[in-house]
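Have a look at the structure below before the remarks.
The values are calculated or read from the model by the stated rules, or taken from the named source; none is laboratory data. All values derive from a computational prediction rather than experimental measurement. Glycine also receives a Cβ, built like all others from the backbone with ideal geometry; neighbour counts cover every protein chain displayed. Note: accessible area is taken over every heavy atom of the protein model, side chains too, but ligands, DNA and RNA are not part of it. Shrake-Rupley method; radii C 1.70, N 1.55, O 1.52, S 1.80 Å.
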Amino acid sequence: MSKSLRRVTEALQMAGHDIPPQEIGDATTAQMAADLIGCSIGQIAKSIMFRGETSGAALLFVTSGANRVCDHRASALAGEPLGKADAALIRAQTGFAIGGVAPLGHLTPPRAFFDPHLLTFPMVWAAAGTPRHLFGIDPAQLLQISGATVEDFTA
């Protein structure tokens, strides 16, 4: 088990959730992940990372696979202009590689925002620390353990 996958599994267990991640194979889009796990695209909880242009910190937007992050709304929530978070910043702050960023288990937890659309599903699926693993969870539980706040930031 990779360090990243172990960190997510341990974070789930520490929060009282014994949820085994499922290996799905390589999925490079939310639709591919949904097809591989057998759910709707809306049930994929994407972890979208941005870099604060002023602070230099990574910020996390956990959004439904059916939605896109609106740059203007996200910047307003962050209180600063946002730019693309590069692989080095993401790895340094979260400990995850692009494509496997989980909404929890970060080395340094970022400020995080949560798409309310995810709360309309009984279960959502999120990256478990690798591009090949997902875990399923009640979205209200994911919201709680991710430390995110519910905000409207989608287009």
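Tabulated data for the structure shown
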{"read-out": "All positions within segment 48-99 that are of a type in the set (A, V, I, L, M, F, W, C) and assigned to a loop (DSSP other than H, G, I, E, B)", "value": "A57, A66, C70, A85, F96, A97, I98"}
{"read-out": "Segment 34-47 - residue that is under 21 Å from A140 (Cα atoms) and in a helix (DSSP H, G or I) and, of those, most open to solvent (accessible area, probe 1.4 Å)", "value": "I41"}
{"read-out": "Residue selected from segment 54-69 under the condition of a type in the set (A, V, I, L, M) and within 12 Å of the chain's Cα centre (by Cα), by the criterion surrounded by the most Cβ atoms within 10 Å (Cβ to Cβ)", "value": "L60"}
{"read-out": "Check on S146, within 14 Å of the chain's Cα centre (by Cα), farther than 16 Å from A34 by Cβ, of a type in the set (S, T, Y) and at pLDDT 95 or above", "value": "yes"}
{"read-out": "Where a residue in segment 25-51 is under 23 Å from T94 (Cα atoms) and its partner, wherever it lies, is among the hydroxyl-bearing types (S, T, Y), with Cβ under 8 Å and at least six apart", "value": "Q43/S64; I44/S64; A45/T63; A45/S64; K46/T63; K46/S64; I48/T63; M49/T94"}
{"read-out": "Pairs, first in contact (Cβ under 8 Å) with a residue 60 or more places away in the chain and at positive phi in segment 91-112, second among the small types (G, A, S) and crowded, with 21+ Cβ neighbours inside 10 Å, C-beta under 8 Å, six or more apart", "value": "G95/S4; G95/G105; G99/A127; G105/S4; G105/G129"}
{"read-out": "Subset of segment 111-129 (residues that are closer than 22 Å to E10 by Cβ and open to solvent by less than 20 Å² (accessible area, probe 1.4 Å))", "value": "A112, F114, V124, A126, A127, A128, G129"}
{"read-out": "Residues that are more than 16 Å from S146 (Cα to Cα), out of contact with any strand residue (DSSP E or B) (no Cβ under 7 Å at 6 or more places or on another chain) and either open to solvent by 30 Å² or more (accessible area, probe 1.4 Å) or of a type in the set (S, T, Y) (or both), drawn from segment 5-25", "value": "R6, P20"}
{"read-out": "Hits in segment 130-155 (condition: open to solvent by 30 Å² or more (accessible area, probe 1.4 Å), touching a helix residue (DSSP H, G or I) at 6+ places or on another chain (Cβ under 6 Å) and of a type in the set (A, V, I, L, M, F, W, C))", "value": "V150"}
